[in-house]
Amino acid sequence: MKWEGRRESDNVEDRRGTAVKAGAVMGGGGLIILLIAYFLGIDPNKIAPLVGGGGGPGPVEKRQIDPAEEQLAKFSRTIFADCEDVWEDLFKRNNLRYEKPVLVLFSGRVESACGLANSAVGPFYCPGDRKVYIDLSFYQDMQKKLNAPGEFARAYVLAHEVGHHVQNLLGYSDKVQQARQTLSKPEANKMSVRLELQADFLAGVWAHHAQKKFNFLEKGDVESAMNAANQIGDDRLQKQAQGYVVPDAFTHGTSKQRMRWFSEGLKTGDLSKLKMLFEVPYDDL
(Lines give C-alpha, C1' and ligand atoms only; values in the text may rest on other atoms or scores of the structure.)
Protein backbone atom coordinates (compact mmCIF):
# COMPACT_ATOMS: atom_id res chain seq x y z
CA MET A 1 0.00 0.00 0.00
CA LYS A 2 1.38 3.39 -1.01
CA TRP A 3 0.77 5.78 1.87
CA GLU A 4 4.01 7.59 2.68
CA GLY A 5 4.47 11.22 1.68
CA ARG A 6 0.85 12.31 2.02
CA ARG A 7 -0.69 14.67 4.55
CA GLU A 8 -0.98 13.51 8.15
CA SER A 9 -4.04 14.46 10.18
CA ASP A 10 -3.78 17.25 12.75
CA ASN A 11 -6.85 15.91 14.57
CA VAL A 12 -4.80 13.54 16.68
CA GLU A 13 -4.24 13.22 20.41
CA ASP A 14 -1.09 11.25 21.14
CA ARG A 15 -1.34 9.84 24.65
CA ARG A 16 1.23 7.08 24.20
CA GLY A 17 3.80 8.70 26.47
CA THR A 18 1.77 7.71 29.50
CA ALA A 19 -0.44 4.78 30.35
CA VAL A 20 -3.10 5.02 33.04
CA LYS A 21 -2.64 2.27 35.62
CA ALA A 22 -5.41 0.19 37.09
CA GLY A 23 -7.45 1.76 39.86
CA ALA A 24 -10.05 4.03 38.31
CA VAL A 25 -13.48 4.18 39.91
CA MET A 26 -16.27 2.50 37.98
CA GLY A 27 -18.64 5.46 38.42
CA GLY A 28 -20.61 6.93 35.56
CA GLY A 29 -17.78 6.74 33.03
CA GLY A 30 -17.21 3.04 33.61
CA LEU A 31 -20.90 2.35 33.35
CA ILE A 32 -21.09 4.27 30.09
CA ILE A 33 -18.30 2.29 28.46
CA LEU A 34 -20.03 -0.96 29.43
CA LEU A 35 -23.23 0.30 27.80
CA ILE A 36 -21.36 1.42 24.70
CA ALA A 37 -19.56 -1.92 24.58
CA TYR A 38 -22.91 -3.71 24.72
CA PHE A 39 -24.28 -1.43 22.02
CA LEU A 40 -21.31 -2.02 19.72
CA GLY A 41 -21.39 -5.77 20.23
CA ILE A 42 -18.57 -6.21 22.76
CA ASP A 43 -19.31 -8.53 25.66
CA PRO A 44 -19.55 -6.23 28.73
CA ASN A 45 -18.57 -9.11 31.01
CA LYS A 46 -15.16 -9.14 29.37
CA ILE A 47 -14.69 -5.40 29.87
CA ALA A 48 -16.09 -4.93 33.38
CA PRO A 49 -12.83 -5.94 35.12
CA LEU A 50 -11.00 -3.39 33.01
CA VAL A 51 -13.15 -0.40 33.95
CA GLY A 52 -13.62 -1.03 37.66
CA GLY A 53 -11.25 -0.57 40.58
CA GLY A 54 -10.28 1.41 43.66
CA GLY A 55 -10.29 5.11 44.55
CA GLY A 56 -9.79 7.36 41.60
CA PRO A 57 -7.50 7.48 38.57
CA GLY A 58 -4.19 5.81 39.17
CA PRO A 59 -0.75 7.24 38.52
CA VAL A 60 0.74 7.29 35.07
CA GLU A 61 3.54 5.13 33.83
CA LYS A 62 5.97 6.60 31.31
CA ARG A 63 7.59 4.60 28.56
CA GLN A 64 9.70 5.24 25.51
CA ILE A 65 8.33 4.83 22.01
CA ASP A 66 10.46 2.91 19.52
CA PRO A 67 10.89 3.83 15.83
CA ALA A 68 8.80 0.89 14.62
CA GLU A 69 5.84 2.06 16.69
CA GLU A 70 6.35 5.62 15.51
CA GLN A 71 6.08 4.38 11.93
CA LEU A 72 2.71 2.83 12.82
CA ALA A 73 1.63 6.16 14.30
CA LYS A 74 2.65 7.95 11.12
CA PHE A 75 0.70 5.41 9.09
CA SER A 76 -2.38 5.92 11.27
CA ARG A 77 -2.23 9.70 11.02
CA THR A 78 -1.93 9.45 7.24
CA ILE A 79 -4.85 7.04 6.82
CA PHE A 80 -6.92 9.20 9.17
CA ALA A 81 -6.16 12.21 6.97
CA ASP A 82 -7.23 10.17 3.93
CA CYS A 83 -10.52 9.45 5.71
CA GLU A 84 -10.98 13.16 6.45
CA ASP A 85 -10.41 14.13 2.83
CA VAL A 86 -12.71 11.48 1.38
CA TRP A 87 -15.61 11.92 3.83
CA GLU A 88 -15.46 15.69 3.71
CA ASP A 89 -15.81 15.51 -0.06
CA LEU A 90 -18.59 12.90 0.00
CA PHE A 91 -20.59 14.85 2.58
CA LYS A 92 -20.19 18.03 0.54
CA ARG A 93 -21.49 16.23 -2.56
CA ASN A 94 -24.60 15.33 -0.57
CA ASN A 95 -25.05 18.89 0.77
CA LEU A 96 -23.94 17.87 4.25
CA ARG A 97 -21.20 19.13 6.52
CA TYR A 98 -18.65 16.63 7.73
CA GLU A 99 -17.52 17.10 11.31
CA LYS A 100 -14.09 15.53 11.65
CA PRO A 101 -13.49 13.03 14.45
CA VAL A 102 -10.30 12.92 16.53
CA LEU A 103 -7.85 10.03 16.55
CA VAL A 104 -6.48 9.10 19.97
CA LEU A 105 -3.31 7.02 20.11
CA PHE A 106 -2.83 5.38 23.49
CA SER A 107 -0.95 2.62 25.20
CA GLY A 108 -2.39 0.24 27.77
CA ARG A 109 -5.38 2.17 29.07
CA VAL A 110 -7.17 5.33 28.05
CA GLU A 111 -9.83 7.62 29.47
CA SER A 112 -12.64 8.58 27.11
CA ALA A 113 -16.11 10.09 27.32
CA CYS A 114 -17.27 6.46 27.34
CA GLY A 115 -15.17 5.67 30.41
CA LEU A 116 -11.83 3.99 31.05
CA ALA A 117 -10.87 1.42 28.43
CA ASN A 118 -8.15 -1.18 28.22
CA SER A 119 -6.26 -1.98 25.04
CA ALA A 120 -7.79 -5.48 25.17
CA VAL A 121 -11.03 -3.90 23.93
CA GLY A 122 -9.33 -3.17 20.62
CA PRO A 123 -9.92 -0.06 18.49
CA PHE A 124 -13.22 1.66 19.26
CA TYR A 125 -15.24 4.76 18.47
CA CYS A 126 -16.79 6.72 21.32
CA PRO A 127 -19.84 8.73 20.20
CA GLY A 128 -19.73 10.73 23.44
CA ASP A 129 -16.60 12.60 22.40
CA ARG A 130 -16.54 11.67 18.69
CA LYS A 131 -13.09 10.15 18.93
CA VAL A 132 -11.52 6.99 17.51
CA TYR A 133 -9.23 5.22 19.99
CA ILE A 134 -6.48 2.77 19.12
CA ASP A 135 -3.56 1.18 20.92
CA LEU A 136 -1.07 0.64 18.09
CA SER A 137 -0.15 -2.75 19.52
CA PHE A 138 -3.43 -3.93 17.99
CA TYR A 139 -1.74 -3.91 14.59
CA GLN A 140 0.68 -6.51 15.91
CA ASP A 141 -2.23 -8.49 17.31
CA MET A 142 -3.82 -8.47 13.88
CA GLN A 143 -0.75 -10.11 12.42
CA LYS A 144 0.18 -12.50 15.22
CA LYS A 145 -3.14 -13.41 16.83
CA LEU A 146 -5.73 -12.85 14.12
CA ASN A 147 -3.61 -13.90 11.15
CA ALA A 148 -4.58 -10.67 9.40
CA PRO A 149 -1.37 -8.93 8.29
CA GLY A 150 -1.02 -6.11 5.78
CA GLU A 151 -1.17 -2.34 5.72
CA PHE A 152 -4.47 -2.19 3.88
CA ALA A 153 -5.93 -4.54 6.48
CA ARG A 154 -4.88 -1.97 9.10
CA ALA A 155 -6.40 0.81 7.02
CA TYR A 156 -9.65 -1.18 6.88
CA VAL A 157 -9.74 -1.32 10.68
CA LEU A 158 -9.33 2.46 11.01
CA ALA A 159 -11.82 3.13 8.22
CA HIS A 160 -14.36 0.85 9.95
CA GLU A 161 -14.12 2.92 13.14
CA VAL A 162 -14.44 6.14 11.15
CA GLY A 163 -17.46 4.47 9.56
CA HIS A 164 -19.05 4.40 13.01
CA HIS A 165 -18.46 8.15 13.20
CA VAL A 166 -20.20 8.60 9.84
CA GLN A 167 -23.13 6.53 11.17
CA ASN A 168 -23.24 8.77 14.23
CA LEU A 169 -23.37 11.91 12.09
CA LEU A 170 -26.08 10.47 9.83
CA GLY A 171 -28.25 9.33 12.73
CA TYR A 172 -28.04 5.57 12.24
CA SER A 173 -26.37 4.96 15.61
CA ASP A 174 -29.14 6.68 17.55
CA LYS A 175 -31.83 4.81 15.65
CA VAL A 176 -30.22 1.47 16.41
CA GLN A 177 -29.71 2.32 20.06
CA GLN A 178 -33.37 3.30 20.43
CA ALA A 179 -34.56 0.19 18.61
CA ARG A 180 -32.40 -2.12 20.72
CA GLN A 181 -34.10 -0.92 23.92
CA THR A 182 -37.42 -2.47 22.87
CA LEU A 183 -36.11 -5.73 21.41
CA SER A 184 -35.22 -9.13 22.79
CA LYS A 185 -31.52 -9.94 23.11
CA PRO A 186 -31.35 -11.96 19.85
CA GLU A 187 -33.23 -9.27 17.91
CA ALA A 188 -31.11 -6.52 19.48
CA ASN A 189 -28.00 -8.42 18.42
CA LYS A 190 -29.32 -8.50 14.86
CA MET A 191 -29.55 -4.70 14.92
CA SER A 192 -25.94 -4.57 16.08
CA VAL A 193 -24.95 -6.84 13.21
CA ARG A 194 -26.63 -4.50 10.74
CA LEU A 195 -24.79 -1.52 12.22
CA GLU A 196 -21.42 -3.28 12.09
CA LEU A 197 -21.94 -4.48 8.52
CA GLN A 198 -22.88 -0.94 7.58
CA ALA A 199 -19.57 0.26 9.07
CA ASP A 200 -17.81 -2.37 6.94
CA PHE A 201 -19.68 -1.09 3.90
CA LEU A 202 -18.65 2.48 4.75
CA ALA A 203 -15.03 1.35 5.07
CA GLY A 204 -15.34 -0.04 1.56
CA VAL A 205 -16.94 3.16 0.27
CA TRP A 206 -14.02 5.11 1.73
CA ALA A 207 -11.51 2.76 0.08
CA HIS A 208 -13.27 3.09 -3.29
CA HIS A 209 -13.03 6.87 -3.32
CA ALA A 210 -9.62 6.99 -1.66
CA GLN A 211 -8.22 4.76 -4.39
CA LYS A 212 -9.54 7.16 -7.02
CA LYS A 213 -8.03 10.08 -5.14
CA PHE A 214 -4.68 8.66 -4.06
CA ASN A 215 -4.15 5.52 -6.20
CA PHE A 216 -2.65 3.82 -3.16
CA LEU A 217 -3.54 0.17 -3.69
CA GLU A 218 -0.89 -2.35 -4.66
CA LYS A 219 -0.99 -6.04 -5.50
CA GLY A 220 -2.37 -8.07 -2.60
CA ASP A 221 -3.83 -5.11 -0.70
CA VAL A 222 -7.49 -5.87 -1.32
CA GLU A 223 -6.88 -9.51 -0.43
CA SER A 224 -5.31 -8.49 2.88
CA ALA A 225 -8.34 -6.41 3.86
CA MET A 226 -10.74 -9.15 2.79
CA ASN A 227 -8.75 -11.63 4.83
CA ALA A 228 -9.01 -9.34 7.87
CA ALA A 229 -12.79 -9.14 7.43
CA ASN A 230 -12.87 -12.92 7.19
CA GLN A 231 -10.75 -13.44 10.30
CA ILE A 232 -12.97 -11.26 12.51
CA GLY A 233 -16.34 -12.74 11.58
CA ASP A 234 -18.45 -13.75 14.58
CA ASP A 235 -18.80 -17.34 13.40
CA ARG A 236 -15.06 -17.78 12.97
CA LEU A 237 -14.17 -16.15 16.29
CA GLN A 238 -16.81 -18.14 18.18
CA LYS A 239 -15.63 -21.38 16.61
CA GLN A 240 -12.03 -20.65 17.60
CA ALA A 241 -12.93 -19.54 21.14
CA GLN A 242 -15.49 -22.16 22.16
CA GLY A 243 -15.58 -24.78 19.46
CA TYR A 244 -19.13 -24.07 18.31
CA VAL A 245 -21.22 -21.24 16.87
CA VAL A 246 -24.24 -19.46 18.39
CA PRO A 247 -25.87 -17.33 15.64
CA ASP A 248 -28.22 -15.56 18.08
CA ALA A 249 -25.15 -14.19 19.85
CA PHE A 250 -23.64 -12.66 16.70
CA THR A 251 -23.09 -8.91 17.04
CA HIS A 252 -20.76 -8.07 14.14
CA GLY A 253 -21.74 -10.48 11.38
CA THR A 254 -20.29 -13.65 9.91
CA SER A 255 -17.04 -13.73 7.97
CA LYS A 256 -19.02 -14.07 4.74
CA GLN A 257 -21.21 -11.08 5.59
CA ARG A 258 -18.32 -8.85 6.60
CA MET A 259 -16.41 -9.65 3.43
CA ARG A 260 -19.53 -9.15 1.32
CA TRP A 261 -20.38 -5.69 2.59
CA PHE A 262 -16.83 -4.37 2.64
CA SER A 263 -16.47 -5.65 -0.91
CA GLU A 264 -19.77 -4.04 -1.93
CA GLY A 265 -18.63 -0.66 -0.66
CA LEU A 266 -15.22 -1.03 -2.26
CA LYS A 267 -16.71 -2.04 -5.60
CA THR A 268 -19.46 0.57 -5.86
CA GLY A 269 -18.56 3.48 -3.58
CA ASP A 270 -22.30 4.13 -3.63
CA LEU A 271 -23.61 5.84 -0.50
CA SER A 272 -27.18 5.51 -1.76
CA LYS A 273 -26.97 1.82 -0.80
CA LEU A 274 -26.40 2.70 2.84
CA LYS A 275 -30.05 2.12 3.78
CA MET A 276 -30.00 -1.38 2.34
CA LEU A 277 -28.36 -2.71 5.50
CA PHE A 278 -31.55 -1.89 7.42
CA GLU A 279 -34.03 -2.74 4.68
CA VAL A 280 -33.09 -6.17 3.38
CA PRO A 281 -34.31 -9.22 5.36
CA TYR A 282 -31.76 -10.25 7.97
CA ASP A 283 -31.22 -13.67 6.38
CA ASP A 284 -30.28 -11.96 3.10
CA LEU A 285 -27.50 -9.83 4.55
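The values are calculated or read from the model by the stated rules, or taken from the named source; none is laboratory data. Remember, predicted model here, so these are calculated numbers, not experimental data. Note that each Cβ is placed from the backbone with ideal geometry, even for glycine, and that neighbours are counted across all protein chains shown.
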> Out of (1) surrounded by 21 or more Cβ atoms within 10 Å (Cβ to Cβ); (2) not in a helix (DSSP H, G or I), the odd one out for LEU197 is which?
Replying inline: (2)
> Hey, among the residues in the range 244-258 that are surrounded by 13 or more Cβ atoms within 10 Å (Cβ to Cβ) and part of a loop (DSSP other than H, G, I, E, B), which one's farthest from the chain's Cα centre (by Cα)?
Replying inline: VAL245
> For the range 124-145, what are the residues that are surrounded by fewer than 18 Cβ atoms within 10 Å (Cβ to Cβ) and either closer than 22 Å to ASP234 by Cβ or of a type outside the set (Lys, Arg) (or both)?
Replying inline: GLY128, ASP129, SER137, GLN140, ASP141, GLN143, LYS144, LYS145
> Taking only pairs six or more apart or across chains, which ones have beta-carbon atoms under 6 Å, a first residue in the range 100-111 that is over 10 Å from GLU13 (Cβ atoms), and a second residue that is among the β-branched types (Val, Ile, Thr) and crowded, with 22+ Cβ neighbours inside 10 Å?
Replying inline: PRO101/VAL132
>> Of everything in the range 118-164, what is in a helix (DSSP H, G or I) and in contact with a Phe, Trp or Tyr (Cβ under 6 Å, 6 or more places away or on another chain)? Give them in sequence order.
In response: ARG154, ALA159, GLU161, HIS164
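Quick check on my filter: what residues within the range 177-194 are free of Cβ contacts under 8 Å to residues at least 40 places away in the same chain and part of a helix (DSSP H, G or I)? Give the derivation first.
In the first step, residues of the range 177-194 are kept if they are free of Cβ contacts under 8 Å to residues at least 40 places away in the same chain; the result is 178-179, 181-184, 187-188, 191.
GLN178, ALA179, GLU187, ALA188, MET191 - these are the residues of the range 177-194 that are free of Cβ contacts under 8 Å to residues at least 40 places away in the same chain and part of a helix (DSSP H, G or I).
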>> Can you find, within the range 261-284, the residue that is surrounded by the fewest Cβ atoms within 10 Å (Cβ to Cβ) among those that are free of Cβ contacts under 8 Å to residues at least 40 places away in the same chain and part of a helix (DSSP H, G or I)?
In response: ASP283
>> Please verify whether GLY108 is within 28 Å of LYS175 (Cβ to Cβ), at pLDDT below 95 and not hydrophobic (A, V, I, L, M, F, W, C), treating the condition exactly as stated.
In response: no
>> I'm trying to understand the selection: among the residues of the range 196-215, which are closer than 20 Å to GLU264 by Cβ, touching a residue at least 60 places away in the same chain (Cβ under 8 Å) and among the hydrophobic types (A, V, I, L, M, F, W, C)?
In response: LEU197, PHE201, LEU202, ALA203, VAL205, TRP206, ALA210
>> Considering only residues that are surrounded by fewer than 24 Cβ atoms within 10 Å (Cβ to Cβ) and more than 19 Å from HIS165 (Cα to Cα), which ones fall in the range 107-122?
In response: SER107, GLY108, ASN118, SER119, ALA120
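Tell me the residue from LYS213, LYS219 that is surrounded by fewer than 23 Cβ atoms within 10 Å (Cβ to Cβ), among the basic types (Lys, Arg) and assigned to a helix (DSSP H, G or I), please.
Working: LYS219 fails: assigned to a helix (DSSP H, G or I).
Of the residues listed, the single one that is surrounded by fewer than 23 Cβ atoms within 10 Å (Cβ to Cβ), among the basic types (Lys, Arg) and assigned to a helix (DSSP H, G or I) is LYS213.
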> Just a yes or no: is a residue in the range 25-38 crowded, with 19+ Cβ neighbours inside 10 Å, hydrophobic (A, V, I, L, M, F, W, C), touching a Ser or Thr at 6+ places or on another chain (Cβ under 8 Å) and at pLDDT below 90?
Replying inline: yes
> What single numbered condition from (1) of a type in the set (A, V, I, L, M, F, W, C); (2) surrounded by 17 or more Cβ atoms within 10 Å (Cβ to Cβ); (3) outside any strand (DSSP E or B) fails to hold for ALA68?
Replying inline: (2)
